[in-house]
Each structure stands twice: as C-alpha cells, then as structure tokens.
1. Assuming a ≥ b ≥ c are the square roots of the Cα gyration tensor eigenvalues, decide whether the chain counts as rounded (a/c under 1.5), prolate (otherwise, with a/b larger than b/c) or oblate.
2. In terms of modelled amide H atoms, which long-range or inter-chain residues lie less than 5 Å from the amide H of residue 223?
3. I'd like to know which of 251, 215, 237 lies farthest towards the positive end of the charge dipole of the stretch 195-257, counting +1 on Cβ of Lys and Arg and -1 on Cβ of Asp and Glu.
4. Any chance you could list the semi-axes, whole Å, largest first, of the equivalent ellipsoid that the Cα gyration tensor gives for the stretch 171-280, using √(5λ)?
5. Regarding the stretch 94-142, what is the average projected area of its C-alpha convex hull, in nm²?
6. How much length would be gained if the chain were fully extended between residue 46 and residue 156, taking 0.36 nm per residue of separation minus their Cα-Cα distance, in nm to one decimal?
7. Using Cβ counts within 10 Å as a stand-in for footprinting exposure, how do 39, 158 rank, fewest first?
8. With +1 assigned to the C-beta of every Lys and Arg and -1 to the C-beta of every Asp and Glu, and no other charges, what is the dipole magnitude of the chain about the Cα centre in debye, to the nearest 20?
Amino acid sequence: MKIEGKKYYFLFVLMGLLLVVNAVAWGQEEERMKMDEYKAQLSDAQMREQNANARLAELQAEIDALNAQIAEVQGQIDDEWEDVYALLGTNKAGVDAYRANLESIDREIDGLAALSPEELFRRQDQIDEIESRIEEAKGSNIAILTEMENKLAELNGKLTALKAKVPANIYDQYTVVDGDYLWKISKKEEIYGDPMQWMRIYSVNKDQIKDPDLIYANQIFNIARGVGRNEHLVVKGEHLSSISGYAKVFNDPTKWTKLYEANKDMIDDPNIIYPYQVLMIPAE
C-alpha cells in the first residue's frame with residue numbers, strides 16, 4: 001500500500017512538472033508571437049511613413065511649382081499696375097501715400113464722430129480742414145482708381161453725417177427773475193460779465209422779446225456761448241457793407257442789402273448797427 005501511494009505521489013508531481021514546462025513553453029511561444037506581430041506592425045508603419053514622405057515631397061514640388069506660377073503672374077500684375085501708375089503721373093509709393101492720407105482722414109472723422117455736439121461746434125475749424133483735405137484729394141489723378149473713388153465716397157458720407165451733428169450754436173439758459181433787465185442779466189459773471197452785451201441776449205431771443213426794455217419773470221432766454229456759421233457778432237466800428245465784404249459772409253460789400261433784409265426786424269436804420277448784435281447771414 002505504501003509503494004502504491006508513492007507511485008501516485010510521483011505521478012502527480014510529474015504531471016505538475018509537465019504542466020509547468022508546458023506553461024513556460026506556451027509563454028515563450030506567446031512572447032515570440034507578440035514580438036513577430038510588433039515587428040510586422042513596425043515594418044508596416046515604416047513603409048507607410050516612407051510612402052507618406054514620398055507623397056509629401058510630391059505635394060511640396062507641386063506647391064513650389066504653383067508658387068512659381070503665382071510669382072510670375074504677380075510680376076505681370078505689378079508691371080501692369082506700374083503702367084497704370086505711370087499714366088496717372090505717379091508710382092506705387094505715391095499711391096500708397098495717397099491711401100495712407102485717406103486712412104488718416106478716416107480715423108480723424110471717426111474720432112470726431114465720438115464727440116458731443118457741443119464739442120463738435122468748437123471743432124468746426126478742424127472739420128473744415130478735413131473737408132479741404134478731402135477736396136484736395138479729389139483733385140488728384142489717383143482719385144480715379146476704383147479703390148480710391150470708393151474710399152472718397154465713404155469719407156464724404158461720413159463727413160456729411162458728422163456735419164449734421166454740429167449744432168447751429170450752443171447755449172446755456174437763463175430764467176428771468178423779478179427785477180431783471182437785459183443790461184443787468186448781461187452783467188452777471190455767469191452770463192457775460194459785461195452789461196454792454198445785453199444786445200446779444202436780445203438778438204438771440206428776439207422771438208420772445210418785443211421790447212428790449214420790457215422782459216418778464218420766468219421767461220427763459222438762450223445765452224449764446226458761440227457764434228454760428230450763419231451768424232455774425234457785430235463788433236465796434238463795423239457796418240453792413242464791411243461785414244458783407246468778409247470772405248465768410250459774401251466777399252462783396254455791395255451785397256449789404258442782403259444782410260439788411262435778413263435782419264431788418266432788429267435794424268431800424270441800415271446805417272446804424274450796434275456792437276454785440278447777432279446778425280443772421282442768409283444763404284447766397
């Protein structure tokens with residue numbers, strides 16, 4: 001019985017060893033298969049990389065050829081433009097400078113458009129200067145280029161909108177109290193600090209002042225803080241013909257009658273006008 005038990009024991013041990021040997025052999029085989037697969041995959045990847053690089057080289061050659069064609073066409077276009085510039089009496093640098101000038105004007109208009117109407121009233125000389133620059137630009141041969149023609153039209157539109165925001169004048173308001181009269185109001189520091197300027201208050205508010213010696217409490221007067229483009233503030237020594245002769249008025253002293261007709265509601269005698277009267281300048 002003891003011998004029989006030993007036989008079975010050795011048999012089990014032998015079977016276990018066989019299993020271990022088989023497992024090791026299987027593991028080695030599996031490892032070998034994995035390595036073969038890896039090498040196969042690596043070889044495939046390397047082949048695909050070589051093919052991709054070859055295709056990339058082909059594409060780069062095509063790109064280089066296209067770039068060469070583009071450069072050739074661009075050269076032809078540049079030559080054509082040089083001929084156009086020559087006909088206009090300029091060159092590329094001149095056109096670039098012209099374009100930069102229009103862009104500068106555009107930025108200035110945009111900057112002014114962001115200001116209040118009151119500030120625009122004070123900047124009318126700047127607006128006039130911009131308008132002059134636009135008109136000067138229109139006189140250049142370069143202005144006939146489509147790009148510049150479109151830009152000038154855009155600038156004209158912007159300038160027109162900007163000028164529409166400029167008020168005819170800017171005013172403060174004053175409410176009449178008991179005991180006020182025009183001379184006294186004009187003397188106040190917050191008004192003009194000068195009693196002689198009462199005529200200015202009268203001129204601006206003549207629609208509600210029938211008699212400059214008679215005003216009423218609670219009337220609200222506009223106090224002009226500037227002189228509008230269609231107005232003239234009379235100074236000592238002026239007369240209608242001298243004012244009419246100013247370039248900003250009619251540039252012709254013989255047209256003084258136009259001034260008189262436009263302002264005869266407060267001019268009794270065309271030979272007599274007073275300092276600080278505000279005369280309306282009629283359109284030609």
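1. Verdict is oblate for the chain.
2. Close amide H contacts, sequence-distant or interchain: 172, 173, 174.
3. Comparing the listed Cα positions along the dipole, 251 ranks first.
4. Over the Cα atoms of the stretch 171-280, the ellipsoid semi-axes are 27, 14, 12 Å.
5. Projected over every direction and averaged, the Cα hull of the stretch 94-142 covers 3.3 nm².
6. Details: separation 110, 0.36 × 110 = 39.60 nm, distance 6.53 nm.
Roughly 33.1 nm would be gained on extension.
7. Arranged by neighbour count, lowest to highest, 39, 158 become 39, 158.
8. The dipole magnitude comes to about 1220 debye.
A short reminder: the numbers here are calculations on the coordinates, not readings from a lab. Being a predicted model, the structure only gives us computed values, none of them experimental. Here Cβ is always computed from backbone atoms with ideal geometry, including for glycine, and neighbour counts include all displayed protein chains.
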